[in-house]
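> Below you'll find the structure I mean.
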Amino acid sequence: MADPDHWVRALCATLEQGIELASSLDPETFARAIPPGKSGVGSHLRHLADFVRAFTGGVRTGRIDYDARRRDQRLEREPAQAVQLLRELQAELEALDLSSAHALGQAVLVRTEAPPDAGPDEHWFGSTVGRELAALVSHSVHHYALVALALRQFGLEPPPEIGVAPSTLAHWRARSLAPSRPVSELTRA
């Protein structure tokens, strides 16, 4: 049977990566925009925090509105503010009672990327709590990959796990624990 806590732990682990990253950067590097766009490390972490906050608030009501984000720009400039919010979100996720397969299958309505002229009751789609948790993990990995590229543009080498899917990290760990084989054996598979 699948572990119902898997997705909450996976999302909390991705938030932990953001906490560790924000804690390691000075405010200038954290807020610095990646050319040619306007987003930098801080704006990516703020974006993720907004999505997780929308999830934690919406899962209680059954309506998750990812378009109704706060977009607090202090979180883009101040690493300490981002760290504090990411820790709060971890606590909120852990406090949600999602430890059963039934909870993960709970139906929710989701709104994201609705047209600008959409009314408040338009463009809602059916989903489940588990599907939204999985999507948030994937969304986080995607943004962390962009963060890793930004850090490299700044001349910094990000941690090797940043921007890598949990399944890939598990594969890497399993492969490093496996006995080494000659290259000739690998090419015959």
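Quick note: the coordinates plus some simple rules give every number you see, no bench work behind them. These numbers were taken from a predicted model, which means no experiment stands behind them. Every residue, glycine among them, receives a Cβ derived from its backbone with ideal geometry; neighbour counts consider all protein chains shown.
> Exposed loop GluC sites (Glu not before Pro) only (DSSP loop, at most 11 other Cβ atoms within 10 Å): please give the longest stretch of the chain free of them, not including the sites.
The longest such stretch corresponds to 1-112.
> With label points built 7 Å along Cα→Cβ from the Cα atoms of Ala95 and Asp26, find their separation and express it in nm.
Distance between the two pseudo-spin positions: 3.6 nm.
> Could I have the simple spin-label model distance between Asp67 and Ala134, label points 7 Å from Cα toward Cβ, reported in nm to one decimal?
2.5 nm
> Report the equivalent ellipsoid semi-axes for the range 31-174 in whole Å, largest first, defined as the square roots of five times the eigenvalues of the gyration tensor built from alpha carbon atoms.
Listed largest to smallest, the semi-axes of the range 31-174 are 27, 20, 14 Å.
> Sticking with this one: Mean residue ellipticity at 222 nm from the helices of the chain, using -39,500 (n - 2.57) per DSSP H segment of n ≥ 4 over the full residue count, to the nearest 500 deg cm²/dmol?
Calculated at 222 nm, the ellipticity per residue is -18500 deg cm²/dmol.
> Which trypsin sites (Lys or Arg not before Pro) in the range 19-53 pass both tests, a DSSP loop state and at most 13 other beta-carbon atoms within 10 Å?
Lys38
> Moving on. For the range 1-147, give the share of DSSP beta bridges that are antiparallel, in percent and rounded to the nearest 5; count only bridges with both residues there.
Of the beta bridges lying entirely in the range 1-147, close to 60 percent run antiparallel.
> Using the Cα centre of the chain as origin and beta-carbon charges of +1 (Lys, Arg) and -1 (Asp, Glu), tell me which of Gly163, Ser24, Ser39 is placed farthest towards the positive end of the dipole.
The Cα lying farthest towards the positive end belongs to Gly163.
> Anyone know which of Ile34, Ile19, Ile162 comes out most mobile in the 10 Å Cα GNM of the chain?
Ile34
> Between Asp121 and His142, what is the spin-label point distance in nm, taking each point 7 Å from the Cα along the Cα→C-beta axis?
If labels sit at Asp121 and His142, their model points lie 3.0 nm apart.
> Which far-off residues, 5 or more places away or on another chain, put their amide H under 5 Å from the one on Gln106, with H placed in the peptide plane?
Val129, Gly130
> Separate question: Using the Karplus curve 6.51 cos²θ - 1.76 cosθ + 1.60 with θ = phi - 60°, work out ³J(HN,Hα) for each residue of the range 149-159 in order, rounded to whole Hz, and write x for Gly and Pro.
4, 4, 4, 5, 5, 7, x, 10, 9, x, x
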